[in-house]
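The values are calculated or read from the model by the stated rules, or taken from the named source; none is laboratory data. Note that the coordinates shown come from a computational prediction; the quantities given were computed from them, not determined experimentally. Counting neighbours? That spans all protein chains shown, and the Cβs are built from the backbone with ideal geometry, glycine included. For accessibility, only protein heavy atoms count, side chains too; no ligands or nucleic acids. Shrake-Rupley method; radii C 1.70, N 1.55, O 1.52, S 1.80 Å.
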Amino acid sequence: MLSKTKLILLTIFLLSSTIKAQSVVTQEAYDNRFTPPEIGLPDNMPYIKSIIWGKEGVFRKLDIGPDTRIEELKLRREMLKHHQWIGILTLAGLAYQYDVGKKLYDGNDSDYWDKHYDRHKAMGYFTYATYMTGASLSIFAPPARKYDNNFSSIKFHRTMAILHFSAMMAQPFLAKAAVKDGKRYNDLMDAHLKAGTVAFFALSLDALGITFFK
Amino acid sequence: MFAQGVSVTIDLEESFISYDGKHPAHNWTGISKEIKGSFIFDQSDPILSSVDLYVPVFSFDSKNSNRDSNMLDVIEDYFYPVVSFSSSSITKKENQYYINGILFFHGIKKEIMIPVNFNIDNQKIIVDTSFSISLSDYKIKRPSLLTIKMKNDVTIKFYLVGLI
């Protein structure tokens with residue numbers, strides 16, 4: 001009796017496995033195949049995105065943003081296009097900024113210092129502003145259609161972003177603290193240079209990764 | 001005496017449709033296994049067969065959700081949720097079969113001719129093909145990376161395993 005039950009259960013299991021692997025399309029699904037579906041929010045949204053754009057997100061509560069999900073996706077696309085452009089501009093600015101900053105830190109040439117210090121400072125404001133604008137365009141962009149956990153160029157981009165964002169945040173504060181605190185000037189300038197090095201190389205590696213990785 | 005076509009049940013475990021996207025910096029492949037629709041196969045005379053298949057574009061997976069999301073944006077899946085192909089006729093020239101039909105993609109219908117191979121093995125039929133389409137033909141704005149657009153031509157590969 002028991003073996004008969006087992007046999008029935010096994011048959012049901014095997015049949016259901018076969019059915020799962022086949023294409024079964026209902027007439028209704030077939031007729032409605034060209035009907036656009038309702039586009040909702042994606043699964044697995046990153047934590048920051050869900051805080052801002054989730055069903056109970058801050059922007060929903062404050063009624064900020066477009067009225068429809070389709071408009072949100074169009075807005076996202078525009079924001080990310082600008083994010084790319086501003087990223088290129090920031091990287092170019094940081095390359096110059098890093099070069100000048102390193103020479104100011106290493107050199108004893110007072111002429112070079114006089115000519116470049118103010119420029120380094122002004123470029124610092126510029127790259128900080130472009131970096132934060134670019135980062136905001138990505139952080140505040142409406143959520144994408146899909147999110148997954150695969151290791152890909154976008155995962156690499158997000159991981160590197162934690163590194164260069166932290167370094168970019170720290171840089172101006174370290175420079176200001178060094179100017180104010182004469183006793184710890186050398187230590188703080190060391191830290192400022194290290195933060196600049198991390199920011200520049202992490203952003204460079206990030207740009208290479210997003211371009212050449214799949 | 002007329003030949004009789006049989007409805008083929010698509011084996012979704014083994015069947016797939018893929019596209020190969022190309023950019024000067026890197027290439028990628030997006031795959032979907034959600035092939036739906038009908039396939040009537042006439043074993044005695046394959047040119048009497050017919051297909052009417054469709055695939056939800058959301059189902060294509062390139063193992064990079066950001067790229068998949070960009071792809072869905074440019075092909076506007078919220079207006080055109082599927083890509084479909086309906087055959088109008090099948091011809092045979094020098095041992096090669098060609099399916100003529102309408103490819104419906106991004107809201108645009110285009111008549112195309114696809115070279116296909118039919119292989120029958122016991123109760124299984126395997127249909128495979130590879131062909132190219134131009135994104136501009138379907139009025140798709142090509143996405144760009146660092147200001148460089150992806151290539152206009154996309155290779156479509158189709159591998160269908162059916163149970164007769």
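Among the GluC sites (Glu not before Pro) within region B:1-58, which fall in a DSSP loop and have no more than 15 other Cβ atoms within 10 Å of their own Cβ? Could the numbers behind the result be given before it?
Numbers: sites: B:GLU13, B:GLU14, B:GLU34; in loops: B:GLU13, B:GLU14, B:GLU34.
For GluC sites (Glu not before Pro) across region B:1-58 that sit outside H, G, I, E and B with at most 15 neighbouring Cβ atoms in 10 Å, the list reads B:GLU13, B:GLU14.
For a label point 7 angstrom out from the Cα of B:VAL74 toward its Cβ, which stretches of region B:136-164 have the backbone nitrogen within less than 18 Å?
Backbone N within reach: B:136-157.
Can you tell me, using C-alpha contacts under 8 Å and at least 6 residues apart, the relative contact order of region B:1-126 as a whole percent?
Numbers: 224 pairs, mean separation 20.9, N = 126.
The value is 17 percent.
Which residue fluctuates most in the GNM of chain A (Cα springs below 10 Å): A:GLY124, A:GLY93, A:GLY107?
Looking only at A:GLY124, A:GLY93, A:GLY107, the biggest GNM fluctuation is shown by A:GLY107.
With r defined as the distance between the Cβ atoms of B:ASN100 and B:GLU14 and R0 fixed at 22 Å, what FRET efficiency is calculated, to the nearest 0.05? Walk me through the numbers before you get to the answer.
Numbers: r = 26 Å, r/R0 = 1.17.
Using R0 = 22 Å, I get an efficiency of 0.30.
Can you list the residues of region B:42-78 with backbone N under 19 Å from a point 7 Å past the Cα of A:ILE70, pointing along Cα to Cβ?
In region B:42-78, the label zone of A:ILE70 (backbone N under 19 Å from the point 7 Å along Cα→Cβ) covers B:56-59, B:69-78.
For chain A, what are the DSSP H helices with axial Cα length of 24 Å or more and mean Kyte-Doolittle hydropathy of at least 0.0? Each step should come with its number before you reach the end.
On the way: long enough: A:2-20 (27 Å, 1.21); A:69-106 (53 Å, -0.44); A:110-139 (42 Å, -0.72); A:153-180 (41 Å, 0.56); A:185-212 (40 Å, 0.77).
Flagged H segments are A:2-20, A:153-180, A:185-212.
Give a quick list of chymotrypsin sites (Phe, Trp or Tyr not before Pro) in region B:64-150 that DSSP marks as loop, anything other than H, G, I, E or B, with at most 16 other Cβ atoms within 10 Å.
Numbers: sites: B:TYR78, B:PHE79, B:PHE85, B:TYR97, B:TYR98, B:PHE104, B:PHE105, B:PHE118, B:PHE131, B:TYR138; in loops: B:TYR78, B:PHE79.
Sites meeting the loop and neighbour criteria: B:PHE79.
Tell me, in nm to one decimal, what length is gained between A:VAL58 and A:ASP99 on full extension, where the rule is 0.36 nm per residue of separation less the Cα-Cα distance?
Working: separation 41, 0.36 × 41 = 14.76 nm, distance 4.05 nm.
Residue separation times 0.36 nm, minus the Cα-Cα distance, leaves 10.7 nm.
Report the equivalent ellipsoid semi-axes for the protein assembly as shown in whole Å, largest first, defined as the square roots of five times the eigenvalues of the gyration tensor built from alpha carbon atoms. Mind showing how you got there, number by number?
Numbers: eigenvalues 604, 109, 74 Å².
After scaling each eigenvalue by five and taking roots: 55, 23, 19 Å.
Within 10 Å of each candidate Cβ there may be at most 15 other Cβ atoms; applying that plus a DSSP loop requirement, which trypsin sites (Lys or Arg not before Pro) in region A:34-94 survive?
Details: sites: A:LYS49, A:LYS55, A:ARG60, A:LYS61, A:ARG69, A:LYS74, A:ARG76, A:ARG77, A:LYS81; in loops: A:LYS55.
Answer by residue number: A:LYS55.
With all protein chains present and a 1.4 Å probe, how do A:ARG119, A:ARG145, B:ARG142 order by accessible area, largest first?
Sorted by accessible area, descending: A:ARG119, B:ARG142, A:ARG145.
Return the value, in Å² to the nearest 100, of accessible area buried between chains A and B (probe 1.4 Å, both sides summed). Walk me through the numbers before you get to the answer.
Values: alone 15560 and 9560 Å², together 21720 Å².
Looking at A and B, the buried total is near 3400 Å².
Using only Cα atoms, find the angle between the long axis of helix B:65-74 and the longest principal axis of chain B, and express it within 0 to 90 degrees, rounded to the nearest 10.
80
Charges on Cβ only, +1 for Lys and Arg, -1 for Asp and Glu, centred on the Cα centroid of the protein assembly as shown; of B:ILE140, A:GLY93, B:ASN64, which one is farthest towards the dipole's positive end?
Of the listed residues, the answer is A:GLY93.
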